[in-house]
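Input: a single structure, listed below in structure tokens.
The values are calculated or read from the model by the stated rules, or taken from the named source; none is laboratory data. Model, not experiment: these values are computed from the prediction. Every residue, glycine as well, gets a Cβ built from its backbone with ideal geometry; the counts of neighbours run over all protein chains shown.
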Amino acid sequence: MFSGSIPALVTPFRDGAFDEAAFRRLVDWQIASGSTALVPCGTTGEASTLSNEEHHRVIEVCVDQVAGRVPVIAGCGSNDTRTALMHMEFSRKCGASAALVVAPYYNRPNQQGLIAHFSYLAENGDLPIVVYNVPGRTVTDIAPETVIELANRYPDTIIGIKDASGDLSRVTDHRMGISGQFCQLSGDDELWLPHSAAGGVGCISVSANVAPRLCADFQAAIAANDLARARELNDKLYPLHYAMFEDASPGPVKYALTRVHDWMSEDMRLPMTPCSAAAREAVDAALAHAGLV
């Protein structure tokens, strides 16, 4: 099972291409700073703009650079079930620990379609699945009843959820409805603290890209039941959590990374563009508040 501070890694680009050297440095920095697992090719990693070849290369480089030090939860989602399975098969072969599989986007399946999609992946793939629910991006919401049915049907394969629904009551719904172990990770940094209080065990985080040590220390305080310290660190990180979404993500986090590392670039793939001046001001203020610059 996974827990702790788990960054949803950016994919660095330079001159339009995957910047492998910068990505390897980012991976090392994250591990040295206390991140407990890494997620390449998620939403923050701009997976939707990567070719299949690039997508697989990013996962491959991540697994290679990690070299067994922490688990890799590879982003494998697609709105085509067969493509998601292809990503899972590649990720398993190159050594990933699990697949992060987002609800199919754009084609908007109903709940039976979601059950069929995840069931097919569970029955035909050999990699544990962390379901990713982010209805703000996919439009499709994975209902708690659907998560519960899938987790109880495939307890050895569907092992957890990254929940970015914003509905904290679902942590209890899942906990009470799922009979075995089930790893609940927040997908919203700003809800990390109350999500943990309800039964969550960590966060797949955007902010951890730029503040990995603070995020790791925050999760350690939660795990130690040191609420005073957790609140103190949460207050330090709170403006940063919101600044990361002052403009379309991952624009703000890529800008933030250039403020703390000269080997990072703001480059993004169209249709994503660098963040606005107002977003930069918010990021600068949040970085200063957190003591990162």
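For the reader, a short list of remarks on this structure follows.
- Ala208 meets the conditions (1) touching a helix residue (DSSP H, G or I) at 6+ places or on another chain (Cβ under 8 Å); (2) small (Gly, Ala, Ser); (3) outside any helix (DSSP H, G or I) in every case but one. The failed one is (3).
- Listed by first and then second residue, the pairs linking a residue in the range 275-293 that is surrounded by 15 or more Cβ atoms within 10 Å (Cβ to Cβ) to a residue that is hydroxyl-bearing (Ser, Thr, Tyr), with Cβ atoms under 7 Å apart and 6 or more places separating them unless they lie on different chains, are Cys275/Tyr255; Arg280/Tyr255; Val283/Tyr255.
- Ser48 falls short on exactly one of the conditions (1) within 28 Å of Pro109 (Cα to Cα); (2) hydroxyl-bearing (Ser, Thr, Tyr); (3) touching a residue at least 60 places away in the same chain (Cβ under 8 Å), and that condition is (3).
- Residue list for the range 224-251, filter: farther than 25 Å from Ala282 by Cα and either part of a loop (DSSP other than H, G, I, E, B) or in contact (Cβ under 8 Å) with a residue 24 or more places away in the chain (or both): Ala224, Asn225, Asp226
- The residues in the range 178-201 that are polar (S, T, N, Q), part of a helix (DSSP H, G or I) and in contact (Cβ under 8 Å) with a residue 40 or more places away in the chain can be counted, and the count is 0.
- Top-ranked residue of the range 1-30 - restricted to ones that are aliphatic (A, V, I, L, M) and touching a strand residue (DSSP E or B) at 6+ places or on another chain (Cβ under 8 Å), ranked as modelled with the lowest pLDDT: Met1
- Unmet requirement for Arg137, which otherwise passes all of (1) within 20 Å of Gly75 (Cα to Cα); (2) under 17 Å from the mean Cα position of the chain (by Cα); (3) not in a helix (DSSP H, G or I): (3)
- In the set Val61, Val70, only one residue is surrounded by fewer than 21 Cβ atoms within 10 Å (Cβ to Cβ), touching a helix residue (DSSP H, G or I) at 6+ places or on another chain (Cβ under 7 Å) and within 26 Å of Gly180 (Cα to Cα); that residue is Val70.
- All positions within the range 67-81 that are in a loop (DSSP other than H, G, I, E, B), free of Cβ contacts under 8 Å to residues at least 60 places away in the same chain and not small (Gly, Ala, Ser): Arg69, Val70, Cys76, Asn79, Asp80
- Selection within the range 252-283 - among the hydrophobic types (A, V, I, L, M, F, W, C) and part of a helix (DSSP H, G or I): Val253, Ala256, Leu257, Val260, Ala277, Ala278, Ala279, Ala282, Val283
- Any hit, the range 202-215, residues being more than 26 Å from Trp29 (Cα to Cα) and among the basic types (Lys, Arg): no
- Candidates Ser35, Ser48: the one that is surrounded by fewer than 20 Cβ atoms within 10 Å (Cβ to Cβ) and among the polar types (S, T, N, Q) is Ser48.
- Test: residue in the range 146-168 that is hydroxyl-bearing (Ser, Thr, Tyr), surrounded by fewer than 16 Cβ atoms within 10 Å (Cβ to Cβ) and in a helix (DSSP H, G or I): no
- Cβ pairs under 7 Å, 6+ apart, first in the range 162-177 and closer than 14 Å to Asp189 by Cβ, second of a type in the set (Lys, Arg) and not in a loop (DSSP other than H, G, I, E, B): Asp163/Arg170
- Number of residues in the range 87-106 that are over 15 Å from Ser48 (Cα atoms) and touching a residue at least 24 places away in the same chain (Cβ under 8 Å) equals 11.
- Residue that is surrounded by the fewest Cβ atoms within 10 Å (Cβ to Cβ) [pool: residues in the range 178-202 that are of a type in the set (A, V, I, L, M, F, W, C) and more than 18 Å from Val101 (Cβ to Cβ)]: Ala197
- Of note, Ala230 satisfies the criterion of being of a type in the set (A, V, I, L, M, F, W, C) and buried (at least 22 other Cβ atoms within 10 Å of the Cβ).
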